[in-house]
Structure formats: C-alpha cells, structure tokens
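Novice: This is the structure, below, for whatever I ask next.
Values quoted throughout were computed directly from the atomic coordinates according to the rules given, and no laboratory measurement underlies them. As the structure is a prediction and not an experimental result, all values here were calculated from the model. Every residue, glycine as well, gets a Cβ built from its backbone with ideal geometry; the counts of neighbours run over all protein chains shown.
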Amino acid sequence: MPSGKTHLAFELATLPLWTAGGAIWGVQWNELVTFTLSYVGASLLLSPDIDLADSSSLRRWGILRILWLPYAWIFRHRGLSHSILFGSLTRLLYLASLIFLVWLGFYLALGIRLGWHWPRLSLVGAGAVGIYLSNFLHVLLDRLVSAWKHRPGWR
C-alpha cells in the first residue's frame, strides 16, 4: 500500500486542480477557502489511516493522539474507516462526540455556555466536499495500488 507520505503528496498535488476547477466553475471565494482548509485539514489530520498506531496523521495530533485510541479500537483498519461513503462520516461523528464531551464538561463543571451558530449551508457543503474528496482520493489510491499488485502476472 502507498505510504502516508505518498497519500499526502497525491492529495496535496491534486488540490490546485480542484480549487482552480471550483474557481472556473464560479464557486464563491469563501466557499473555495472553506473547501481548501477542510481538504488540507482532512489530508493532514483525518486520514483514513488515523486508526493505525504509527500513522503520520495520528502523529500530527501530538499529545492529543490519545483521543483517537478509542476510534482505533472501534474501527479496524481498512474496514469502515476506508469506506468512501462512511469513512469520513465515522471520523467526523467521533470528533463531534469529543467536542460535545468537552463542551459538556465546561458546562457541568463551570456553568459556561458555549454558544453555537450554524454556518451557512454552502460553507458546510464546501467543508464536507473537501473532507470527502480527500478521503475519496486516499481510498482510491489504496484500491488502485492494491488492484495493480494483485493483477495476473504480478510477483
């Protein structure tokens, strides 16, 4: 399988094509920025390989990588975490659960209310496309390399 560096290089090398395509298609500037930030963030921090004990994306979390141990216990590698549809969703829901627990802790311990305002739907969509496209390219590269290695005549 491709290394974490190969995945990251592939994902980041294609990013200018996606953003240029969005600009040509007439996507608004703030949506392109949201897309780009979510795409880069997902490539660096929310890779499908985050469930591996020694993955680059997990190491990038620094001391906070301990927060991803339960995720690795729940989702075996190349299972649901590598699903094109559900892979990103599992990581986003897990991350949202962690954020909710922190919010709940602040609220219960200190009575601090942290307000929440939903961003515009177009920005949520741009962020989701960035996260999902990064995940899609990671999984696609894994599948292409796997198919190449398992073709007839490969040793």
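Novice: Using a Gaussian network model on the chain with a 10 Å cutoff between Cα atoms, which of 41, 62, 130 fluctuates the most?
Specialist: Comparing 41, 62, 130 in the GNM, the peak value goes to 62.
Novice: May I ask you to work out the translational diffusion coefficient for region 1-91 at 25 °C, viscosity 0.890 mPa s, via Stokes-Einstein with Rh from the Kirkwood sum over Cα pairs, reported in whole µm²/s?
Specialist: Values: Rh = 14.2 Å.
It comes out at roughly 173 µm²/s.
Novice: Using Cα-only point scatterers and the Debye equation, what is log10 of I(q)/I(0) for the chain at each q in 0.10 Å⁻¹, rounded to two decimals?
Specialist: -0.42
Novice: Now for a different question. Test of understanding: in a Gaussian network model of the chain with alpha carbons linked when under 10 Å, which of 22, 127, 87 would top the mean-square fluctuation ranking?
Specialist: 22
Novice: Counting pairs of alpha carbon atoms under 8 Å apart in space and at least six apart in sequence, what relative contact order in percent does the chain give? Let's see the in-between values first.
Specialist: Details: 138 pairs, mean separation 54.8, N = 155.
Once normalised by length, the contact order is 35 percent.
Novice: Given the peptides 47-53, 108-114, 90-96, arrange them by the average over their residues of other C-beta atoms within 10 Å, most packed first.
Specialist: On the way: 47-53: 21.3, 108-114: 8.7, 90-96: 16.0.
Those peptides, ordered most packed to least, come out 47-53, 90-96, 108-114.
Novice: Another question, then. Show me the three semi-axes of the equivalent ellipsoid for region 58-132, from the C-alpha gyration tensor (sqrt of 5 times each eigenvalue), largest first, rounded to whole Å. Walk me through the numbers on the way to the answer.
Specialist: Values: eigenvalues 119, 80, 21 Å².
Three semi-axes, in Å: 24, 20, 10.
Novice: For a paramagnetic label modelled at 7 Å from the Cα of residue 28 toward its Cβ, which residues of region 116-144 fall within the zone defined by backbone nitrogen distances under 14 Å?
Specialist: 119-127
Novice: A further question follows. From Cα pairs below 8 angstrom and at least 6 apart in sequence, can you work out the relative contact order of region 22-62, rounded to a whole percent?
Specialist: 25 percent
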